[in-house]
Amino acid sequence: MKVSFEQLKSMVVFAQIVEQGSLTAAAKQLGLTRAVASYHLKKLETQLEVTLLNRSTRTMALTEAGMAYYERCRVITEQANAANQQIENIKSEPQGLLKISCPVNVGMQLIVPAINTFKRQYPKIDIDLQLTDDVVDIIKHGFDFAIRGVALRDSNLQATKLTTMSTCICGAPDYFAHFGKPTTPDELAKHQWVVYQLGSKTLTLQKEGKKVDITMQGSLSTNNAAARTAFVEAGHGIGRIPLYDAWPKVQAGLLQIILDDYKSKDIELYGVFPPGAAGSKKLRLFIDYLKAYFVKQHTALGMLK
């Protein structure tokens with residue numbers, strides 16, 4: 001059976017339907033109407049004389065034939081993207097869109113300043129930066145790159161370590177004036193904490209080979225890192241805060257670091273991206289730029305590991 005140009009288009013649409021999980025999402029990703037996406041799917045099934053997707057009003061699932069066919073369609077789509085990236089890499093000046101997902105506080109404190117200088121150096125690379133503390137499905141939502149504070153879990157993605165960031169235990173001067181300043185790890189359990197919901201509630205401190213675990217408890221918790229720091233600054237409790245976030249406030253007298261002779265766990269920052277994006281010149285440039293930027297910034301703060 002010969003493959004026509006129209007069937008190739010339908011194969012790309014089918015691959016997107018599977019990856020996006022719905023006709024509507026696939027149509028949006030490809031810049032089509034839902035009706036056109038549905039047309040391509042029905043046309044494929046008619047040409048192949050098989051059902052590729054079992055679908056109802058609420059769900060869809062690949063048939064055995066659909067699963068086998070999707071794997072071939074996926075390869076075709078990846079090869080087409082790779083061909084475009086190869087041409088992009090030949091161009092003298094990198095250009096095109098980078099869609100990036102990033103946690104809010106890291107984005108505002110570190111990534112936005114980095115992009116400001118990156119854009120001056122590479123003005124033809126367009127940036128779409130989406131700030132969210134949710135772990136987004138970057139393939140489903142069409143992201144080229146995502147920044148995460150945890151190691152890679154999804155085996156379908158590739159990852160690169162961007163930097164390692166120190167953390168510290170902080171409190172506001174007013175809080176310490178009212179409740180006292182802890183001088184030992186055991187005293188931390190008696191204090192109010194501002195709890196960051198996306199992190200562990202157990203704090204491990206280490207000194208001279210000895211480890212101490214403290215359970216962080218308090219009447220204020222949040223899923224946003226910037227809000228966590230603001231609550232600590234307002235005197236609602238103590239908190240474990242990345243040094244990049246705390247240090248400017250320490251210098252301004254708004255926060256005080258305690259137990260700095262104890263070591264707390266660092267935060268490792270990763271960049272993750274779809275496997276097909278590894279050959280993109282603009283993405284490689286952005287990743288290399290971020291790593292160099294973090295070296296400069298963290299060295300200035302004494303955070304480089």
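The values are calculated or read from the model by the stated rules, or taken from the named source; none is laboratory data. Model, not experiment: these values are computed from the prediction. Here the Cβ is made from the backbone with ideal geometry for all residues, glycine too, and neighbour counts use every protein chain on show. Accessible surface is based on the protein model in full, side chains and every heavy atom, while ligands, DNA and RNA are left aside. Shrake-Rupley method; radii C 1.70, N 1.55, O 1.52, S 1.80 Å.
Here are a few things to note about the model shown:
- Scanning the range 219-236 for residues that are within 28 Å of the chain's Cα centre (by Cα) and aliphatic (A, V, I, L, M) yields 220, 225, 226, 227, 230, 232.
Conditions (1) in a strand (DSSP E or B); (2) of a type outside the set (D, E, K, R); (3) over 29 Å from the mean Cα position of the chain (by Cα), marked per residue:
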{"position": "42", "(1), (2), (3)": "no, no, yes"}
{"position": "46", "(1), (2), (3)": "no, yes, yes"}
{"position": "51", "(1), (2), (3)": "no, yes, yes"}
{"position": "67", "(1), (2), (3)": "no, yes, no"}
{"position": "70", "(1), (2), (3)": "no, yes, no"}
{"position": "81", "(1), (2), (3)": "no, yes, no"}
{"position": "84", "(1), (2), (3)": "no, yes, no"}
{"position": "93", "(1), (2), (3)": "no, no, no"}
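- When the range 187-218 is filtered for residues that are within 21 Å of residue 255 (Cα to Cα), open to solvent by 100 Å² or more (accessible area, probe 1.4 Å) and over 33 Å from the mean Cα position of the chain (by Cα), only 190 remains.
- Exactly one residue among 140, 119 is touching a helix residue (DSSP H, G or I) at 6+ places or on another chain (Cβ under 7 Å), of a type in the set (D, E, K, R), closer than 30 Å to residue 81 by Cα and not in a strand (DSSP E or B), and that residue is 140.
- Residue 25 falls short on exactly one of the conditions (1) among the aliphatic types (A, V, I, L, M); (2) open to solvent by less than 50 Å² (accessible area, probe 1.4 Å); (3) in contact with a Ser or Thr (Cβ under 9 Å, 6 or more places away or on another chain), and that condition is (3).
- Members of the range 250-273 found to be without any contact (Cβ under 8 Å) to a residue 60 or more places away in the chain and of a type in the set (Lys, Arg), listed by number: 263
- Within the range 259-283, the only residue that satisfies the criterion of being open to solvent by less than 40 Å² (accessible area, probe 1.4 Å) and basic (Lys, Arg) is 282.
- Among residues of the range 23-46 that are more than 23 Å from residue 3 (Cβ to Cβ), those with a Cβ under 6 angstrom from a residue that is of a type in the set (D, E, K, R) and open to solvent by 60 Å² or more (accessible area, probe 1.4 Å), sequence gap 6+ or separate chain, pair up as 24/34.
- Residues of the range 231-255 that are of a type outside the set (Val, Ile, Thr) and open to solvent by less than 60 Å² (accessible area, probe 1.4 Å): 235, 237, 239, 242, 243, 244, 245, 246, 249, 253, 255.
- Top-ranked residue in the range 112-121 [being crowded, with 18+ Cβ neighbours inside 10 Å and touching a residue at least 60 places away in the same chain (Cβ under 8 Å); ranked as nearest to residue 295 (Cα to Cα)]: 114
- Under the condition of being of a type outside the set (A, V, I, L, M) and assigned to a loop (DSSP other than H, G, I, E, B), the residues counted in the range 14-40 number 4.
- Note on the range 143-165: residues that are more than 7 Å from residue 270 (Cα to Cα), surrounded by fewer than 18 Cβ atoms within 10 Å (Cβ to Cβ) and modelled with pLDDT of 85 or more total 2.
- Index of the failed condition, residue 228 passing every other in (1) over 17 Å from residue 258 (Cβ atoms); (2) surrounded by 16 or more Cβ atoms within 10 Å (Cβ to Cβ): (1)
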